[in-house]
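Below: one structure, written as structure tokens.
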Amino acid sequence: MIAAHTGLTEQVFSYRPVDPPVQEIQPPKDRAFFADPEKKSLLSVASKVKHLTPYIGTEVQGVQLSQLDEKQKDELALLVAERGVVFFRDQDLTLEGQHEFSKHYGISLRQYTYFRRDIRSFENTSSAFAEYHSDHSFEINPPSYTMLRMVKTPEYGGDTIFTSQTALFDKLSPTFQKTFEGLHAVHSSEHIFINTLNRGGKTFRLPVRREHPLIRTHPVTSLKALFYNPAFILNIAELKGAESFHTLNFLRDHLHSADDLTVRWHWEAGSVAFWDNRVVIHRAVPGGYNTDEREGTRTAVYGEKPFFDAASSKTLSEWSDQKLSDTAPVVKLGLDGF
Ligand SMILES: [Fe+2]
């Protein structure tokens with residue numbers, strides 16, 4: 001291990017929290033449970049629904065989010081839960097409209113505006129923005145439905161990559177799957193807290209550390225997903241130091257080599273990405289553009305406390321095998337294809 005500055009400066013020691021620690025909440029029932037599984041109301045108003053990759057990402061065209069009714073919003077939740085992330089272009093949502101839209105899905109978090117810095121700069125090499133992350137995974141109730149609406153963006157550069165953690169888990173060997181199912185990861189916001197204060201930024205609460213299952217069950221789809229997060233996980237609770245270090249390195253390699261399980265989205269002003277932060281991890285592609293030209297607003301709602309239910313959940317492969325046998329006669333094709 002290379003010795004590094006801890007960042008424990010005068011600014012950090014003199015910090016006084018604005019807000020008290022967040023308490024556990026019981027979010028309202030996931031709106032996807034109320035959806036018509038065929039999503040007829042939503043899909044009937046779309047001019048085109050385009051799956052962008054086999055495992056993650058769907059673009060819905062011809063729809064204004066500002067015009068959706070309650071039923072269509074519920075169906076969108078199910079589409080997001082199933083496809084990981086759903087994209088829209090040319091949206092007329094305002095900041096207030098986005099906030100209202102978000103509230104349909106639960107209790108809204110504080111909203112964030114993004115002015116991107118150069119995320120390959122020295123000070124940000126360990127920050128969440130340069131690395132794959134799911135947002136706020138260190139909270140007791142990490143966000144579920146999360147929306148980023150781009151207000152302005154450079155002509156090129158600044159894309160976001162989203163990766164399916166459901167598919168990442170599915171691609172592990174059964175032996176690794178079984179081993180990981182029993183483990184818990186320690187998520188922390190300490191480094192974000194320290195970096196923010198040392199940059200002269202504002203933060204509202206003291207940092208937190210939280211254990212979450214490394215594999216979680218999606219409450220709506222019952223699919224097993226990895227709940228890995230290289231930006232916030234310090235260690236694996238059940239493992240010794242070196243075991244944890246190498247396990248986390250393996251997971252980072254597994255994630256960064258999963259080109260087949262990702263979708264890369266190019267932003268335009270008015271583009272919206274709506275993703276399920278419980279089962280999707282994302283990363284802004286760094287560099288090559290003027291960061292002053294990029295501005296977006298994120299809204300999100302609190303998800304359930306992450307849980308793993310071995311009895312009720314299944315892998316993506318088990319789920320698709322089941323689906324294929326339910327719709328016989330079909331020729332069973334490998335999901336990977338050619
Ligand atoms: Fe993020």
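Here is how the numbers come out for the structure above:
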item	result
Candidate set from the range 266-288 (those that are modelled with pLDDT of 85 or more and away from the ligand (no atom under 14 Å from the Cβ)); member that is surrounded by the fewest Cβ atoms within 10 Å (Cβ to Cβ)	268
Subset of the range 128-157 (residues that are more than 27 Å from residue 194 (Cβ to Cβ) and either within 13 Å of the ligand (Cβ to nearest atom) or more than 12 Å from the chain's Cα centre (by Cα) (or both))	147, 149, 150, 151, 152, 153, 154, 155, 156, 157
Answer residue from the range 158-197, given it is over 18 Å from the mean Cα position of the chain (by Cα) and modelled with pLDDT under 90 and is nearest to residue 216 (Cα to Cα) among those	191
Elements of type strands (runs of 3 or more DSSP E) in the range 230-315, at least 1 residues being among the charged types (D, E, K, R) and under 19 Å from residue 109 (Cβ atoms)	272-276, 295-302
Subset of the range 289-302 that is under 21 Å from the mean Cα position of the chain (by Cα) and of a type in the set (D, E, K, R) - its residue that is modelled with the lowest pLDDT	294
Qualifying residues in the range 69-112 (those that are on the phi > 0 side of the Ramachandran plot and open to solvent by less than 20 Å² (accessible area, probe 1.4 Å)) - the one nearest to the chain's Cα centre (by Cα)	84
Residue list for the range 201-229, filter: in contact (Cβ under 8 Å) with a residue 24 or more places away in the chain, part of a loop (DSSP other than H, G, I, E, B) and either small (Gly, Ala, Ser) or open to solvent by less than 20 Å² (accessible area, probe 1.4 Å) (or both)	214, 218, 222, 227, 228, 229
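The values are calculated or read from the model by the stated rules, or taken from the named source; none is laboratory data. Just so it is clear, the structure is predicted and the values come from calculations on it, not from any experiment. A quick note on method: Cβ atoms are made from the backbone with ideal geometry, for glycine too, and the neighbour counts reach across all protein chains shown. Calculation scope for accessible area: heavy atoms of the full protein, side chains included, ligands and nucleic acids excluded. Shrake-Rupley method; radii C 1.70, N 1.55, O 1.52, S 1.80 Å.
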